[in-house]
Amino acid sequence: MSHRCFALLGGLAVMLLASLPVSAQDGPRTAWGASDLQGVWDFRTITPLQRPEDLGDQEFLTAEEAANLEQEAVARDERLLLADARKTEAGGSVGAYNNFWMDRGTRTIGTRRTSLIIDPPNGRIPAMTEAGQARGAERRDYRREHPADSWLDRSTFDRCILGFNTGPPMTPGGYNQNMQVFQTEDHVVILNEMVHDSRIIPINGSPRTGLGSWTGESRGHWEGDTLVIETQNFTDKTRWRGTAEAMTLVERLTRQDDATLVYTFTVTDEQTWETPWTAEIPMRRSDQPLYEYACHEGNYSMEGILSGARSDERGR
């Protein structure tokens, strides 16, 4: 082969590498060569899951709009903290938590999307099926008539089984919006700060057991530098956003750069929504450790909920 051909091939190789994402070229890698996703990642954001209806077809915020929303978020937190302090000084109640404990974030996501949902194009959760609507109405009616006959009537959040932002899939909530990734050649572990739950995900091709669980049964594989996690076999007790146990979930984790882990998930549940839908959350690397989430501080709140319900019954 001539020197000219070698030069041409070399030039093409350079152009190809230049077109690849940074993570695919020189991102951090494990000792066995996989993309290194490990670390603590923060998924706080004021960007809503669904696009506000008044934004119509607007897919992205302008830089000015994003800055205004972030300034409003800071001002909101300061205002609520001051209001809580005044209520406390006056001997009043601040409700379940005062704002000091809330940690919703003050930033939009870096892309400035108007929603975390990227598909459908309108940035909103698809319409529910008739079956999904009927199932939801039945659950609401039962909850209204039987709010606390026993602990089984309370949600998985009240019972400290699952966190309200951990899913899976993970979505921003009110606080404790951190997760940590651990990797070996055969497994990946996703540890969510709330409720300190660890999902141990085989990536070695091992078969599924078919057993249902609170967080489903996950299996992972690599597509280039993207970790793809496919989860099924959810229990009907989980009911994430009203889903049925037949829900399937596909999550993708991609190391975009040293400070960013892009988390994308697609939910498919023909018994609940008319079409699948997808959301994308850029997570930011954190230098802070995870802390144990002591749900209900020994679960005394459940005792309070149930004893309060019995008191209400005696008063009727």
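The values are calculated or read from the model by the stated rules, or taken from the named source; none is laboratory data. On a predicted model such as this, the values are computed, not experimentally measured, just so you know. Positions of Cβ are generated from backbone atoms using ideal geometry, with glycine treated the same way; all protein chains shown enter the neighbour counts.
Observations on the structure shown:
- Selection of region 160-196 for residues being more than 20 Å from residue 104 (Cα to Cα) and either outside any loop (DSSP other than H, G, I, E, B) or polar (S, T, N, Q) (or both) yields 181, 182, 183, 184, 187, 188, 189, 190.
- The lone exception for residue 168 - which of (1) in contact (Cβ under 8 Å) with a residue 24 or more places away in the chain; (2) surrounded by fewer than 21 Cβ atoms within 10 Å (Cβ to Cβ) it fails: (2)
- Residue 224 satisfies every condition listed in (1) farther than 30 Å from residue 30 by Cβ; (2) more than 20 Å from the chain's Cα centre (by Cα) except (1).
A quick yes/no check of all residues on (1) more than 20 Å from residue 162 (Cβ to Cβ); (2) at pLDDT below 95; (3) surrounded by 11 or more Cβ atoms within 10 Å (Cβ to Cβ):
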| position | (1), (2), (3) |
| --- | --- |
| 267 | no, no, yes |
| 275 | yes, no, yes |
| 278 | yes, no, yes |
| 286 | yes, no, yes |
| 291 | no, yes, yes |
| 294 | no, yes, yes |
| 298 | no, yes, no |
| 301 | no, yes, yes |
| 313 | yes, yes, no |
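- Region 132-153, residues that are within 19 Å of residue 313 (Cβ to Cβ), surrounded by 11 or more Cβ atoms within 10 Å (Cβ to Cβ) and of a type outside the set (Phe, Trp, Tyr): 143, 146, 147, 148, 149, 153
- Condition met for residue 239 (of a type in the set (Lys, Arg) and over 12 Å from residue 168 (Cα atoms)): no
- When each of 22, 40, 94 is tested for being β-branched (Val, Ile, Thr), modelled with pLDDT under 95 and within 28 Å of residue 118 (Cα to Cα), the lone residue that passes is 22.
- Inside region 227-261, residues that are farther than 16 Å from residue 167 by Cβ, buried (at least 18 other Cβ atoms within 10 Å of the Cβ) and free of Cβ contacts under 8 Å to residues at least 60 places away in the same chain make up a count of 0.
- Residue in region 186-201 that is at pLDDT below 95 and among the hydroxyl-bearing types (Ser, Thr, Tyr) present: yes
Quick grid of which residues meet (1) out of contact with any Leu (no Cβ under 8 Å at 6 or more places or on another chain); (2) under 15 Å from residue 241 (Cα atoms); (3) in contact (Cβ under 8 Å) with a residue 60 or more places away in the chain:
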residue: 151; (1), (2), (3): no, no, yes
residue: 159; (1), (2), (3): yes, no, yes
residue: 163; (1), (2), (3): yes, yes, yes
residue: 172; (1), (2), (3): no, yes, yes
residue: 179; (1), (2), (3): no, no, yes
residue: 188; (1), (2), (3): no, no, yes
residue: 191; (1), (2), (3): no, no, yes
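- Checking residue 79 against (1) at positive phi; (2) surrounded by fewer than 14 Cβ atoms within 10 Å (Cβ to Cβ), the condition it does not meet: (1)
- Count - residues of region 245-267 that are of a type in the set (A, V, I, L, M) and over 23 Å from residue 211 (Cβ atoms): 4
- Restricting attention to region 173-205 and to residues that are crowded, with 20+ Cβ neighbours inside 10 Å and within 12 Å of the chain's Cα centre (by Cα), the residue that is farthest from residue 219 (Cα to Cα) turns out to be 176.
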